[in-house]
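What follows is a single structure, written as structure tokens, with notes after it.
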Amino acid sequence: MAPRKELRVFITGASSGLGKALALQYAAEGAIIGLAARQPGKLQALAESLNRPCAGYPLDVRDAPAMRWAAQDFIRRFGVPDIVIACAGVSCGNLTEREEDLEVFQGVLDINVTGMVKTFQPFVDPMRRAGRGALVGIASVAGLRGLPGSGAYSASKAAVISYLESLRVELRGSGLQVTAICPGYIDTPMTAANPYSMPFLLSAERAAAKVRRVIAARRPFAVIPWQMGIISFLLRHLPRWAYDLIFSRAPHKPRNLPV
């Protein structure tokens with residue numbers, strides 16, 4: 001029997017939360033890991049803890065040249081990745097009426113949407129030539145219907161869902177898998193500031209295990225956990241007047257967190 005090939009996995013947003021949990025779990029299974037994040041200290045500490053061949057890239061996903069260099073370096077050192085996970089993202093409250101929130105809105109879109117495109121772009125051609133691999137984008141149930149006070153985040157995740165669908169169709173027949181994953185609430189630093197209850201809250205570790213199962217099953221789209229999938233289905237089919245009435249009273253996420 002031929003030896004099992006080591007997976008090569010590249011993850012952005014790897015220094016904390018879901019990205020870190022995914023890196024730890026894939027490394028525990030023997031994968032070679034590429035780690036990209038904005039916090040060099042946390043990135044280095046994670047890389048040293050993996051006890052696996054890995055490479056850390058302290059960068060901002062908004063920086064296209066930096067992402068291209070990281071992709072080229074990873075491929076040169078380890079080969080074309082089997083899985084690229086665009087996990088980098090930010091969330092903060094914002095209000096359209098506030099002039100000072102315009103910059104925040106732009107920052108959320110730049111990181112969550114354009115940052116994902118810049119993550120995938122340098123990997124697509126090498127993976128297409130290899131005829132295999134998975135491009136995985138972390139979206140959110142917030143992209144399925146707009147949440148009050150979170151216009152930037154909801155808009156960014158709705159755009160991510162549509163972008164990944166476009167990419168999936170573009171790459172049909174190439175051997176590449178494109179997966180959009182919409183988590184509900186995950187216990188991470190990003191949700192720690194939420195001043196409201198979060199139903200079906202998952203630990204980062206449980207969420208990562210579910211994400212890995214979705215990727216392994218080559219599913220094009222998934223909402224996790226399944227309970228949130230049911231809720232999101234109901235919300236998507238709720239009449240607009242009913243949705244507006246219910247969610248106009250919903251609490252808002254705190255505004256103007258740095259992005």
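Please verify whether M116 is surrounded by 22 or more Cβ atoms within 10 Å (Cβ to Cβ), touching a strand residue (DSSP E or B) at 6+ places or on another chain (Cβ under 7 Å) and not basic (K, R), treating the condition exactly as stated. Steps first, please.
On the way: surrounded by 22 or more Cβ atoms within 10 Å (Cβ to Cβ): yes; touching a strand residue (DSSP E or B) at 6+ places or on another chain (Cβ under 7 Å): yes; not basic (K, R): yes.
Against the criterion (surrounded by 22 or more Cβ atoms within 10 Å (Cβ to Cβ), touching a strand residue (DSSP E or B) at 6+ places or on another chain (Cβ under 7 Å) and not basic (K, R)), M116 qualifies.
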Exercise. Tally the residues that are β-branched (V, I, T) and over 18 Å from A180 (Cα atoms), restricting the search to segment 100-141.
Key: 2
Quiz item: Do we have V169 as touching a helix residue (DSSP H, G or I) at 6+ places or on another chain (Cβ under 7 Å) and under 19 Å from I215 (Cα atoms) here?
Solution: no
Exercise. Output the number of the condition that Y153 fails; it satisfies all remaining conditions of (1) over 27 Å from N94 (Cβ atoms); (2) within 20 Å of the chain's Cα centre (by Cα).
Key: (1)
Quiz item: Residues in segment 36-52 that are out of contact with any Pro (no Cβ under 9 Å at 6 or more places or on another chain), under 26 Å from K5 (Cβ atoms) and not in a loop (DSSP other than H, G, I, E, B): how many?
Solution: 5
Quiz item: Does segment 100-118 contain any residue that is polar (S, T, N, Q) and modelled with pLDDT under 90?
Solution: no
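Take segment 58-99 and flag every residue that is among the charged types (D, E, K, R) and at pLDDT 90 or above.
Result: D60, R62, D63, R68, D73, R76, R77, D82.
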Quiz item: Quick one: is S140 free of Cβ contacts under 8 Å to residues at least 12 places away in the same chain and under 18 Å from the mean Cα position of the chain (by Cα)?
Solution: no
Quiz item: Any idea which of S154, S150 is touching a residue at least 60 places away in the same chain (Cβ under 8 Å) and either closer than 28 Å to E97 by Cβ or not aromatic (F, W, Y) (or both)?
Solution: S150
Quiz item: Are any residues in segment 8-26 over 12 Å from the mean Cα position of the chain (by Cα), part of a helix (DSSP H, G or I) and under 14 Å from D82 (Cβ atoms), and if so, which ones?
Solution: Y26
Quiz item: Which one of A88, A66, A55 is touching a strand residue (DSSP E or B) at 6+ places or on another chain (Cβ under 9 Å), surrounded by fewer than 19 Cβ atoms within 10 Å (Cβ to Cβ), aliphatic (A, V, I, L, M) and not in a helix (DSSP H, G or I)?
Solution: A55
Quiz item: Do we find a residue being within 15 Å of the chain's Cα centre (by Cα) and more than 22 Å from Y26 (Cβ to Cβ) anywhere in segment 191-214?
Solution: yes
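The values are calculated or read from the model by the stated rules, or taken from the named source; none is laboratory data. Note that the structure is predicted; figures quoted are calculated from it, not measured. In this analysis, Cβ positions are derived from the backbone assuming ideal geometry, glycine residues included, and neighbour counts consider all displayed protein chains.
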